[in-house]
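Accompanying notes for the structure given below.
What follows draws every value from the coordinates through simple rules; no lab data is involved. Predicted model only: the values in this text are computed from it and were never measured. Ideal geometry is used to build each Cβ from the backbone, glycine not excepted, and the neighbour counts take in all protein chains shown.
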Amino acid sequence: VYNSTTGKIWMDRNLGASQVATSSTDAAAYGDLYQWGRAADGHESRTSGTTATLSTTDTPGHGDFITNGSSPYDWRNPQNDNLWQGVSGTNNPCPSGYRLPTEAEWDAERTSWSSNNAAGAFASPLKLPVAGYRSRSSGSLYGVGSYGFYWSSTVSGTNASYLDFDSSNATMLSNGRAFGFSVRCLKD
């Protein structure tokens, strides 16, 4: 899909979604929930198992969601800031020719919406649903049908930046990389 305001071309649905969203709470459009910097290895499934054993490499070698309840809240130890950057970025889960958007690219999308909230996110060309998220400490699902959390490729200290929206507001924030958030790919 094309946003004429930003001039960017995006995938028409979240990674793992079976269809374009027909409403902001369309469960078939929610898609998968990725930990920041991880490839599509099975962990992104909303029903994948969990493990508290942190990975020492960029590819853990299993499909479990890695939980971490202590700072810096990452699935990987030591942290690697050089994941998900650009089309050829390490662990880029997007199809060929697509990549994770930067924080600035997400912010430009957000400011093009008709309203700065979940209604504006769905009314936009991207039709972003409120897919919720997976807890970094338990792997449990939260906010499904109420909140949208979309990773960017941008690192922010020990965290990573993401787009956050609900019924009242939309903003760019940063948080621990062990969270499971939605991914929407941008054409390079």
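Which one, T158, L15, P72, projects farthest toward the positive side of the charge dipole computed for the chain from Cβ point charges (K/R +1, D/E -1)?
Farthest towards the positive end: L15.
In a solvent-free Debye calculation with one equal scatterer on each Cα, what is log10 I(q)/I(0) for the range 92-188 at q = 0.20 Å⁻¹, listed in the order of the q values?
Values returned for q = 0.20 Å⁻¹ are -1.00.
Taking the Cα-to-Cβ direction at S23 and at K187 and moving 7 Å from each Cα, how far apart do the two end points lie in nm?
About 3.1 nm separates the two model spin labels.
Once you've got the GNM for the chain with C-alpha springs shorter than 10 Å, pick whichever of S24, S71, S88 has the biggest mean-square fluctuation.
S71
Full-extension gain between V1 and S167, please, as 0.36 nm times their residue separation minus the C-alpha to C-alpha distance.
57.4 nm
Just to compare against my own numbers: the Cα pair-distance distribution for the chain, 10 Å bins, whole % per bin, please.
Reading upward from the zero bin: 11, 42, 37, 11, 0.
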